[in-house]
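Structure first, commentary second.
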Amino acid sequence: MSRSTDLELTRRQLTRLKWLTSLVPAFAIFAYETVRHDFLEHLLPVSYGNLLVGLLTFVLAFGFSEFVFRLIARLQARTLRQSREVAALSAVIEERERLSHELHDGVAQLVAYLSLRLGTVQELVAAERREEAIVELERLRGVADELSVDVHESIVGLRNRIAERGLLPTLTDYLDEFEERHRLSVALRTSGPIEHIPALSALQIFRITQEALANIRKHADAEHAWVTLQCQEQGVLELVVGDDGRGFDPARDPGHGRRSFGLSTMRERTESLGGSLRVESQPGNGTLVTVRIPFVEEEHGLLASAAR
């Protein structure tokens, strides 16, 4: 159903509700007075007649109120669905803007580096320093491979359909592909109502997981990684991405600079949801990235039953 058709249907139902709430009470009072004076006074004592008409009025009022509240619930369900569609669209737009910045800051820098180093190779070849040129080309091949993977990850981020499929199926498919491409075992553990995570939060959780796994792939030299996602009772959604790799000292390890872009991106995404990010690592003991964001489960109850 198109949005214009949806809005027209809502407008018609509201008009119908306005007329019903105006006419039904007036008709009920008219019918009550007519039945009481013209019929029941001649057939039943006044007390019984009043009781009978009162019961009939109650049944009519109950049926009418049931109809009205069902109609209101359907309108609320439609409004909720439309708000979710708008939120999902906003999330996609925001994510594409964020990806454009990441591509500029990450991929564009790698391309500039490749261009600069190719100039160096050209100079080495011109100076007949072939062995040094070959070593430099091998290094550039590694950079090109890394660039290819980064572009692939960005495309996956653009193509994901979390709003339609949900976070868990999308994340599961991505982890399966990640394992196959990079020969790195990744375990996924979840608990709580993951399927009720709002679209924007789900999208950011997915991208944070991508970035954390990219850091593991590039820097950790790990054999195993794990992703834990749980909705805690205190209204907090917690994501933990860990590995059994080499680890690092955030204050001293020279490799931290290469990780800084990915960590700052994850922190920015987390803070956009009002959450916090913590990185724990020691040389030889792997790394843990913990993200905690406020979690409000989407309301279903009345609206879900009304939408059926």
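How far, in nm, would the chain grow between Asp145 and Thr228 when pulled straight, counting 0.36 nm per residue and subtracting the alpha carbon separation?
Going from the current span to full extension adds 27.0 nm.
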Checklist outcome for this item: Ranked output for segments 22-31, 208-217, 265-274 by mean other Cβ atoms within 10 Å, highest leading, reads 208-217, 265-274, 22-31
Checklist entry - What list of ³J(HN,Hα) values in whole Hz, one per residue of segment 196-205 in order, does the Karplus curve 6.51 cos²θ - 1.76 cosθ + 1.60 (θ = phi - 60°) give from phi, with Gly and Pro shown as x? => result 9, 5, x, 4, 5, 5, 4, 5, 5, 4
Next on the checklist: Show me, for segment 272-281, the HN-Hα J-couplings you get by feeding each phi into the Karplus relation (A = 6.51, B = -1.76, C = 1.60, θ = phi - 60°), rounded to Hz, glycine and proline as x.
Outcome noted: 5, 9, x, x, 9, 10, 10, 10, 10, 7
Item to check | Packing rank of 190-197, 288-295, where each peptide gets the mean count of other beta carbons within 10 Å, highest leading | outcome: 288-295, 190-197
Checklist outcome for this item: For Ala225, other-chain or 5+-apart residues with amide H closer than 5 Å (H placed, Pro excluded) are Ser185, Val186, Ala187
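No value in this document is a laboratory result; all are computed from the given coordinates. Treat the numbers as computed from the prediction; the structure is a model and nothing was measured. In this analysis, Cβ positions are derived from the backbone assuming ideal geometry, glycine residues included, and neighbour counts consider all displayed protein chains.
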